[in-house]
Structure formats: C-alpha cells, structure tokens
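Taken together, the values in this text are just the output of simple stated rules run on the coordinates, not laboratory data. The structure presented is a predicted model; accordingly, all values stated were derived computationally and were not measured. Positions of Cβ are generated from backbone atoms using ideal geometry, with glycine treated the same way; all protein chains shown enter the neighbour counts.
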Amino acid sequence: MPTSLRRACYGCISAKRRCDPQLPKCPRCRKNGLACTYENQPLSHVQPTDEEKLEPLPEVPAQPGFLVFSDIVSAERAARKFFDMQSVDPHLSIPEIRVVPDPGVVYSVIAQIANIPKAIAQGQTSPLVHSQLHQRLPEDSVRLEHVLLLQKAFVGNTSSEIKSPSRNMHLQRLMKTSVLDLPLVDILIRVHELVLYIIVYSCNNFPSPYMSEIRPCLDILLRWIEHLWTVAQQPPTNSDGPWQNWVVAESTRRSIIACAMVRGAVTVASCGYCVYQPFLEALPFDNRNELWEAMSEDAWKSAVARHGGEPEVLVSFHEFIQGYEEISGIMNEGLFQRLLLIMYHGSEALDALGSCRAIAPPRTNVLAAAVTCRHGI
C-alpha cells in the first residue's frame, strides 16, 4: 500500500466500516462491487483510529445460497420479508442469513462477556443465572470455583496453571454429564458452569488458541439449552415460594438468550460470521433489572411493589429492542440488557457508551481492556 494514501477509502468512511487499504480496491469494496477511492494525503498527518488496531476477523468465503448482512437490524428485515413471501408460497425455501458484524462491535461484546466470571467471583448476579442458585448446595459453589481459578490464572498470566480444554478434567467431566434426568435447577447450574468455561477459554488472550477445542463445548451447550427449553415448558413442581420460583424461571429465560449471545460472539470471532436465528427475538424475559439485582426475598418483594405489584412481567427480546426509545440510556441498564442492545444496534450502542469500546489488540487480555475503559461495567 503506497504510503501517500489514506488509511480508509471514501466508501468505508461513509459506511463507517473498517477499511483494509489495498490497491486497486480494498477487500470490502471489491467484495461488494463498489468504487474505491482514496485521497492523496501523507499518513503522518492521519492519526490511526482504534478500529484500525483491531485484529481482523476471519475472512468469510464467498459462497452462494445465503444472504450476508452487517447487523441484526438488516438481517431481521430480510427475514421478515422472506417470512412474508413464505406465507404466500409455502414451498419457497428461506436462504441462510449470515451476520458479519463490525470488528469493533465483536470485540466490545467479547469484552463485556469476559467480565461475567469477574462478577461471579465477586458474588454478583451474572446475566445468566442468579447468584442465589449457587448458594443452594455446597458442591455447586465448589464446582464453580474451578472455573474461577482458571479465570484468575488467565488474568494473572500464570500460564503454568492453565490447562487446555482437552486436559481440564473438571471440564471434561462436565461435558460427559447427562442432563436429561436432572431437575431444572441442576440443569441451569451445569449450563452456567459450561458457558463460563467457554467464556474463560474464548475471551481471554484473544484470539484464543483454544478455539478448536471449544467447539465441542458449543455443540454440547446447544443441546443442553434445547433440553432446558423443553424442561422449562413443564409446570413447576417446587414450592419454594414466589421469589425462588421467579429466580429459577428468570434464570432459565435469561440463560437461553445469553447462551445464544455467547455462542454467536464466539462463532463470529472464530468464523467471521454467525447465522441469524429469528426465534431469538421471540424469547421472553423480565426486563425489570431491580428485581433481577435483588439479593433477598424482602428486597425482591419491595422491588415488585415499586413496579406495580406484578410478580412477573415479560417482554420479548424484539419488544424490548423496539420499545427502547433512547439508546443513550444504555449506561443505566444491566449487563444483560447492554449485551442485547450492543448485539442489535452495533456501533450506535457503542457510541452511546462513550469512549468505552473495549478494543482488544491481538493476544492481549480482553478483560483487562474492558476494565480500563472510562465507563465500568
């Protein structure tokens, strides 16, 4: 690349996309058949942006038979169009819809997800499972400690204490667990444990050298989530009281959505894209963050009373997104809602977070990058 050219072409600047300057065309303009022009300007006069320091996502091979979009908004519109066409012609097949998001969005989501083990280590409620569930049985806390010790080794760069997924006996034992006959709460605990392992191995020292060994974990997580969804449709059999029943039910709902987010982020990081899943937007959850953050039954009952006295008010992912009037309010949301908004609105949500883009340079600790942002999680 001649040094007299800008670090981004006009097309990528207009589209607010990362540019990899090449002649005669950058990869994005070449792929989309766009004109690609640069302004002759010495590079010494142009300060590199954060996005230019990003590790490039894997190249998505050009293959027929699917549609590619840069954000979920566009993917959703395309899906709705094809669903409308499907209602007219039931024999019409819907092509696979792939989302290839901006690298800055991907790294920011990964950085936010990487903070989940830290929150668990501090006894906080995660976006997936309420902390009260981990205090149910001593063995649940002991098993969770193995994941947190692994996270501590990654953050402390103590490589001698880090075992690969295939050599981690706790993870291997977990992957061999059969959840088919387990009660709902026990399935939740194991889903949480598995997804934490995936987060620790995938979101630290990014790009992760363990990505190939994590893929079997993603497959198992998908099967467990499908079974969790089936079990959750059955009437509750416990009589632990309204708060405990709400905690279990809401943990189930959030786990199904959050695990799909984690799988999507890890897939994009390793493959460069993820497949759009329309069903995700129909999944419900209780958006009242004050209830989710309540650490005692009395606090939960007080929060319910302040929110009109209804013990359960559900909105779908789609309803939450569509009803969100001002994206600048993202800083007031919990981590679960932030992830939904970033995943859906992409760079617009990141801009609302101010300068906190949590960009991860190659092979650096993503969690440390997130912690040093101006805005904390």
Cα gyration tensor, the range 103-371 - rounded (a/c under 1.5), prolate or oblate: oblate
Distance (nanometres) between label positions extended 7 Å along Cα→Cβ at R77 and D351: 1.6 nm
Calculated FRET value between E96 and Q124, using beta carbons and R₀ = 41 Å, to 0.05: 0.65
Pair Q233, K152: separation of 7 Å Cα→Cβ label points (nm): 4.3 nm
Highest-first arrangement of 103-109, 157-163, where packing means the average Cβ count within 10 Å: 103-109, 157-163
Extension gain (nm, one decimal) between M169 and V142, 0.36 nm per residue minus Cα-Cα: 8.3 nm
Computed E for R215/F66 - FRET, C-beta separation, R0 25 angstrom, nearest 0.05: 0.80
Two-site FRET efficiency, E226 against N289, from Cβ-Cβ distance with R₀ of 35 Å, rounded to 0.05: 0.80
Residues M343, M331 arranged by fewest to most Cβ contacts within 10 Å: M331, M343
Per-residue Cβ neighbour rank within 10 angstrom, fewest leading, T267, T252: T267, T252
